[in-house]
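To start, the structure under review is shown below, and the notes come after it.
The values are calculated or read from the model by the stated rules, or taken from the named source; none is laboratory data. What you see is a predicted model, and the numbers here were worked out from it, not measured in a lab. Positions of Cβ are generated from backbone atoms using ideal geometry, with glycine treated the same way; all protein chains shown enter the neighbour counts.
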Amino acid sequence: MRTLLIIVILVMGAAFLYAWSGMYNIAATQEHWDVTYKFIGMVTENSIKQQSDSVVNPLPETPEAAEAYIDHFHSMCRLCHSAPGYPRNEFAQGLYPSPPDLAERSHQQKWSDADIFWIIEHGIKMSGMPAFSPTHSKEEIQGLAGLVRRMPELNDSGYKDLLRKAGISTEVKEHHGGGGQGDGRAEIEEETQGPEHGHSNGSAETGGLTQPMPASEEGDEDGGPHAEEEGH
């Protein structure tokens, strides 16, 4: 028994020294070891299922009721998770672990309705998945959970129909990364022209991304606006 205790202490000490040394590569471009990935996955799945046991009424009363929250989904969720006809945005391609495509049934089969509600409500640590409860009501989270459930049932035209019903533009244009020099990775930049979803902090929202409102121009010494410089 004493020998086993000594071995455990030595192993824990070695693990601590390895972590302290900085030799472990924390970069998102370096994938986990397979055993690490499986261990984290086990902890995550078991935790979600345990914590979501207390969730009551995770979805809206009808699937149609969830459609009212398509503006929330389109301006936020689809940026990382994509949507039918809309690939994930460029920044989301660098996330690790990679956000799941919610339109694929295989990603939803292991989660119950309560699991999905809990994930949206509380988020998942160190995964890039934020908690929506600080900024969204229970009804809004129910609506998002209902839309997540519907994603595998929607094709490109069905998703765009939901956008049109909500008054959201479906127009897209291509954007190429690489500082203006296209590298063949076409991404989506879309201006959402639908109704605001009520979570504004004084910023202008464009395509689900938040941009500061421009400051008012200062006047010249005589009170007039600055003249536009020539050559610009």
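Numerical summary
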item	result
When residues of region 99-137 are limited to those that are in contact with a helix residue (DSSP H, G or I) (Cβ under 8 Å, 6 or more places away or on another chain) and of a type in the set (Lys, Arg), the one nearest to Arg88 (Cα to Cα)	Arg105
Residues of region 99-134 satisfying the condition of being touching a His at 6+ places or on another chain (Cβ under 9 Å) and small (Gly, Ala, Ser)	Ala103, Ala131, Ser133
Filter result (free of Cβ contacts under 8 Å to residues at least 40 places away in the same chain and assigned to a helix (DSSP H, G or I)) within region 94-120	Ser106, His107, Ile120
Top-ranked residue in region 62-85 [being within 24 Å of Thr29 (Cα to Cα) and of a type outside the set (A, V, I, L, M); ranked as surrounded by the most Cβ atoms within 10 Å (Cβ to Cβ)]	Arg78
Flag if Arg105 is loosely packed, with under 15 Cβ neighbours inside 10 Å and closer than 18 Å to Met151 by Cα	yes
Residue list for region 20-42, restricted to those being within 21 Å of the chain's Cα centre (by Cα) and assigned to a helix (DSSP H, G or I)	Tyr37, Ile40, Gly41
Residues of region 58-85 satisfying the condition of being of a type in the set (Ser, Thr, Tyr) and in a loop (DSSP other than H, G, I, E, B)	Thr62, Ser82
Contacts under 6 angstrom Cβ, first residue in region 25-51 being touching a residue at least 12 places away in the same chain (Cβ under 8 Å), partner surrounded by 13 or more Cβ atoms within 10 Å (Cβ to Cβ) and in a loop (DSSP other than H, G, I, E, B), 6 or more apart	Ala28/Tyr96
Pairs where the first residue, in region 157-177, is closer than 21 Å to Asn89 by Cβ and modelled with pLDDT under 90 and the second is in a helix (DSSP H, G or I) and among the acidic types (Asp, Glu), C-beta under 9 Å, 6+ apart	His175/Glu90; Gly177/Glu90
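Residue-wise test of (1) touching a strand residue (DSSP E or B) at 6+ places or on another chain (Cβ under 7 Å); (2) farther than 27 Å from Leu163 by Cα; (3) not β-branched (Val, Ile, Thr).
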position: Gln30; (1), (2), (3): no, yes, yes
position: Pro60; (1), (2), (3): no, no, yes
position: Ala66; (1), (2), (3): no, no, yes
position: Glu90; (1), (2), (3): yes, no, yes
